[in-house]
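Presented below is the structure to which this report refers.
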Amino acid sequence: MSYLEIKNFNKTFSDGFQVLKDINVTVEKGEVLSIIGSSGSGKTTLLRCINFLETTDSGTMVLDGELLIDGNIKNEKESALREKRLNFGLVFQSFNLFPQYTVFKNLTLAPTLLLKDKINGLKKTIKSRKERQKLFLEEREKIREDCRTLLKKIGLEEKSNSYPCDLSGGQCQRVAIARALALKPKVLCFDEPTSALDPELTGEVLKVIKSLKGEDRTMIIVTHEMGFAKNVSDKVVFMADGIIEEEGTPTEIFENPKSEKLKNFLKNVNEKDGD
Ligand SMILES: Nc1ncnc2c1ncn2[C@@H]1O[C@H](COP(=O)(O)OP(=O)(O)OP(=O)(O)O)[C@@H](O)[C@H]1O
Ligand SMILES: [Mg+2]
């Protein structure tokens, strides 16, 4: 069994439009999967379903042996979904940083809130309030240390006390990546992480993502950067009109495409890039 197994995902929006048609995807641990395809083919919707931001009408998703999505089970509790969602990190095109908080607080906020919840849940086991507070402070220091390490990793140690409005787009996106990593997800997902950036800032973000591959992280990347997909992926999936039209290694997809739709897609991309 693969690390992540998505089977028979189908989704129709309330207006009757079927956006996902029997999607099957597998990703191995430490593998990078890129999803490419023209606008409107369903890439973001698939990523949103994987991240529990949309529900699928049918299908299953198993991660690390655990059944996380079962299309037959409807109306799951929000608390259960929140817990499952923590297996995944999602980095958006538009960063979505909290503008009112410093870079450091953007990183520490969610893990600290989760820690608070966890410690509150221990009221029965640890009866003394003082003991719980001590544990909270110890664990919070570990979070802060982790976040300092992450800031170092993305090369933004000196921006720890800056606010997002004082950063460049590329720096904001690097912070968004570190913020997702601070929650220690099993799978990190990206939805066009560089498409809101000026070309000269794209490289620094792609470099950070590439360095994560070196750390053996499992990643799913929706991207329009074909050169990057070719370079960083273990596997590439090409979506067209809600189906997986073709999948393979980067060499198979980019050097030896089989379907006419993929051939046309690559031709259009190359023409746009002036190749
Ligand atoms: N909430 C919704 N209700 C109805 N249709 C939707 C909804 N969200 C997305 N769609 C439609 O589903 C299709 C797929 O959208 P999606 O955002 O998944 O495409 P995409 O492949 O990510 O495209 P892009 O490359 O432009 O980001 C589009 O035709 C879109 O208009
Ligand atoms: Mg999209």
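Values in this text are rule-based calculations from the coordinates and carry no lab data. Source: prediction; values computed, not measured. Because the Cβ atoms are built from the backbone with ideal geometry, glycine has one as well, and the counts that use them run over all protein chains shown.
Values for this structure:
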| item | result |
| --- | --- |
| Full-stretch length increase - GLU66, LYS134 - with 0.36 nm per residue and alpha-carbon distance subtracted | 21.1 nm |
| Separation of alpha-carbon centers, region 215-275 and region 143-208, rounded to whole Å | 25 Å |
| Region 1-71: chymotrypsin sites (Phe, Trp or Tyr not before Pro) in DSSP coil with no more than 12 other Cβ atoms inside 10 Å | PHE13, PHE17 |
| The chain: radius of gyration and largest Cα-Cα distance (Dmax), Å | 20.0, 68 |
| Order of PHE104, PHE190 - criterion: other Cβ atoms within 10 Å of each residue's Cβ, fewest first | PHE104, PHE190 |
| Per-residue Cβ neighbour rank within 10 angstrom, fewest leading, LEU137, LEU86 | LEU137, LEU86 |
| Three-way shape label, region 40-156, alpha-carbon gyration tensor, a/c 1.5 | oblate |
| Enclosed volume per residue, in Å³, of the convex hull spanned by Cα atoms of region 101-162 | 74 Å³ |
| DSSP-loop trypsin sites (Lys or Arg not before Pro) across region 1-78, with at most 16 other Cβ within 10 angstrom | LYS29, LYS74, LYS77 |
